[in-house]
Protein chains: 2
Amino acid sequence: MTTSASTKVSEQLCFGGKQLRFKHQSAVTNCEMQFSVFLPPQAETRKVPALYWLSGLTCTDENFSGKAGAQRVAAELGIALIIPDTSPRGESVPDDSDGAYDFGLGAGFYVNATREPFVKNYQMYDYIVSELPALVEAQLPITAVRSISGHSMGGHGALVIGLRNPERYRSISAFSPICNPINSPWGIKAFNGYLGDDQSQWVHYDAAELLAKTQQAKPILVDQGTADNFYPQQLRTDSLIAAAEQSGSNAQIRLQPGYDHSYYFIASFIEQHLRFHANYLSC
Amino acid sequence: MTTSASTKVSEQLCFGGKQLRFKHQSAVTNCEMQFSVFLPPQAETRKVPALYWLSGLTCTDENFSGKAGAQRVAAELGIALIIPDTSPRGESVPDDSDGAYDFGLGAGFYVNATREPFVKNYQMYDYIVSELPALVEAQLPITAVRSISGHSMGGHGALVIGLRNPERYRSISAFSPICNPINSPWGIKAFNGYLGDDQSQWVHYDAAELLAKTQQAKPILVDQGTADNFYPQQLRTDSLIAAAEQSGSNAQIRLQPGYDHSYYFIASFIEQHLRFHANYLSC
């Protein structure tokens, strides 16, 4: 793969580490992409492992950077945070025909689109799995020791990408993930749009379907708030719990009473997720 | 003072406490005001002391709530966070004639305006000192044991209000405050606009002028990043340091190498500020 170098857009000191933002021309999504990185202080003297964070619908790389409060613990543990955007961007990138928030720009669903007009740009699965790690591991003091996490649509992405690529990720976690998109209004709309109506192609992007068939999955931690407006209809946490039981996985899927779908929920539990991943990232 | 009851706009669980947003008709600013409150878990069973946080230019009550990561430590220490807006709001409230960011809406500078057309609404000093505490202490499990902090324009507000009302605040802190607005472009514009050109009225709202004349000020902690784009010209931290020396105050005024003016700076040090205030809030 040909990956062009990235250009640093901004650098800010945060908890003794560096909060960075980059842009680059992606050979996978055929547009300019932005992403954020937090480098902990330890990266001044050695390469560090990385947690990839996938954000939810309507988000960019800036929501998690600014709102989750993850840098404090990442700085303590010596973990880099790699925070991509949620879709291709730009005037040449096709959007939802109605401009809806749940398809198109800001809503890439971490799939490789096969349908026109989305196939050229909406290749977020390959972007996250291959191009972005190659880029940051070549240009920054970051090792190939990776874990992956995310929120909502990004929780779906983290579970799917982690389950399909166990050789590339040590551990997986998610907040409020879309667990069973083939049975969720959001997922059905997105998969029809990006993949077409052959549902045999959809199951490759469905965490519950994948987990049910996975032997010896990597360690998984999921937190779901019970006051989340999208729970249970859009998120289908029950399907993931059933899949974990079916596969004999020891996934921890926790219901958190009273928490909603917001970054206040993520901020409340991100420390536990970072410490969970640190167990497997050799920190 | 007649204070109308407030209406709850939202409630979200955060670190086991409640992140709340209210609106109310202010008798002081003659418009509808919004403010945010974080109630720590301890407030379920007893009244708790409060840290008032004043935000900077262009901010609302939502910036600190969403970006500073203060709730984690406030929940541990049992401190409520009271987070007002930065100016009166609404279509009937006059704005800067050019729509500039540094005067008018989002830029009340925590003064009581005396000039037309601002005098009717821009009474943020009285709003913060009197109306808002009376409101939250009457309606929420919050005591009259208070400390005050803020950022930039809000750091100016916290220092001025804390220094002028030592009987009302136990301790004062600030991030990147406008220390000497009578000698700062931002301050000169704001004070001319709200107070007119009689500079004898300006000194009542100038932290360096006030501190220089204060005997036995309450405990003060100030953090200032050295990579802040507004340092030193707009912020004039040197004037505050000189005033502290002149008055014999034991204010801690710290320069933090490499930090900028952003919430990444605030997030990095907010824990230290909360623990500083907790020493005086009887937590």
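For B:Gly69, the requirement of being modelled with pLDDT of 95 or more, surrounded by 16 or more Cβ atoms within 10 Å (Cβ to Cβ), within 14 Å of chain A (Cβ to nearest Cβ) and not in a strand (DSSP E or B) is met. The set of residues from the stretch B:72-81 being buried (at least 22 other Cβ atoms within 10 Å of the Cβ) and either away from every other protein chain (no Cβ under 13 Å) or under 14 Å from B:Gly150 (Cα atoms) (or both) comprises B:Ile79, B:Ala80, B:Leu81.
Can you find a residue that is more than 13 Å from chain A (Cβ to nearest Cβ), in contact with a Ser or Thr (Cβ under 7 Å, 6 or more places away or on another chain) and within 27 Å of B:Val111 (Cβ to Cβ) anywhere in the stretch B:3-14? Checked the stretch B:3-14: no residue is more than 13 Å from chain A (Cβ to nearest Cβ), in contact with a Ser or Thr (Cβ under 7 Å, 6 or more places away or on another chain) and within 27 Å of B:Val111 (Cβ to Cβ). Scanning the stretch B:15-43 for residues that are away from every other protein chain (no Cβ under 14 Å) and within 25 Å of B:Pro88 (Cβ to Cβ) yields a total of 14. Of A:Ser130, A:Ser87, A:Ser97, all but one fail to be of a type in the set (Gly, Ala, Ser) and at pLDDT below 95; the exception is A:Ser97. I'd like to verify a number: residues in the stretch A:23-34 that are crowded, with 22+ Cβ neighbours inside 10 Å and not in a loop (DSSP other than H, G, I, E, B), how many? Total meeting the criteria: 1. Might you let me know whether the stretch B:52-61 holds any residue that is farther than 27 Å from B:Asn112 by Cβ, in a loop (DSSP other than H, G, I, E, B) and touching a Lys or Arg at 6+ places or on another chain (Cβ under 9 Å)? There is no residue in the stretch B:52-61 that is farther than 27 Å from B:Asn112 by Cβ, in a loop (DSSP other than H, G, I, E, B) and touching a Lys or Arg at 6+ places or on another chain (Cβ under 9 Å). Among the residues examined, A:Asp223 qualifies as touching a Lys or Arg at 6+ places or on another chain (Cβ under 6 Å) and either without any contact (Cβ under 8 Å) to a residue 40 or more places away in the chain or within 14 Å of another protein chain (Cβ to nearest Cβ) (or both). The number of residues in the stretch A:21-49 being free of Cβ contacts under 8 Å to residues at least 60 places away in the same chain and under 23 Å from A:Lys67 (Cβ atoms) comes to 8. Among residues belonging to the stretch A:226-283 that are on the phi > 0 side of the Ramachandran plot and touching a residue at least 40 places away in the same chain (Cβ under 8 Å), point out the one that is nearest to the other protein chains (Cβ to nearest Cβ). Once the filter is applied, the top-ranked residue is A:Arg236. Selection over the stretch A:37-51 of residues that are more than 20 Å from A:Ser171 (Cα to Cα) and β-branched (Val, Ile, Thr) gives a count of 1. Return the total of residues in the stretch A:131-172 being more than 16 Å from A:Leu54 (Cβ to Cβ) and either in contact with a Cys (Cβ under 9 Å, 6 or more places away or on another chain) or β-branched (Val, Ile, Thr) (or both). Qualifying residue count, the stretch A:131-172: 3.
Every listed requirement among (1) of a type outside the set (S, T, N, Q); (2) closer than 20 Å to A:Phe276 by Cα; (3) out of contact with any strand residue (DSSP E or B) (no Cβ under 8 Å at 6 or more places or on another chain) is met by A:Leu81 save one, (3).
Of all residues in the stretch A:40-66, those satisfying the criterion of being surrounded by fewer than 18 Cβ atoms within 10 Å (Cβ to Cβ) and within 16 Å of the chain's Cα centre (by Cα) are A:Thr58, A:Glu62. Taking the criterion of being β-branched (Val, Ile, Thr) and surrounded by fewer than 24 Cβ atoms within 10 Å (Cβ to Cβ), the residues of the stretch A:162-189 that qualify are A:Ile182, A:Ile188. Residue check: B:Ser87 meets all listed conditions (1) touching a residue at least 40 places away in the same chain (Cβ under 8 Å); (2) assigned to a loop (DSSP other than H, G, I, E, B) but one, namely (1). In the stretch A:154-161 there is no residue matching the filter, namely being surrounded by fewer than 23 Cβ atoms within 10 Å (Cβ to Cβ) and either assigned to a strand (DSSP E or B) or not small (Gly, Ala, Ser) (or both). Of all residues in the stretch A:44-66, those satisfying the criterion of being touching a Gly at 6+ places or on another chain (Cβ under 9 Å), within 14 Å of chain B (Cβ to nearest Cβ) and either closer than 18 Å to A:Asp102 by Cα or not charged (D, E, K, R) (or both) are A:Cys59, A:Asn63, A:Phe64, A:Gly66. Residue count for the stretch A:1-50 satisfying the condition of being of a type in the set (S, T, N, Q), out of contact with any Lys or Arg (no Cβ under 9 Å at 6 or more places or on another chain) and modelled with pLDDT under 95: 3. If you go through the stretch A:223-250 and keep only what is more than 22 Å from B:Ser10 (Cα to Cα) and among the β-branched types (Val, Ile, Thr), you end up with A:Thr237, A:Ile241. Among residues of the stretch B:113-153 being polar (S, T, N, Q) and either over 14 Å from the mean Cα position of the chain (by Cα) or outside any loop (DSSP other than H, G, I, E, B) (or both), the one that is nearest to B:Ile253 (Cα to Cα) is B:Ser149.
The values are calculated or read from the model by the stated rules, or taken from the named source; none is laboratory data. This is a predicted model, so every value here is computed, not measured. With ideal geometry, Cβ positions are generated from the backbone for all residues, glycine too; neighbour counts draw on all protein chains shown.
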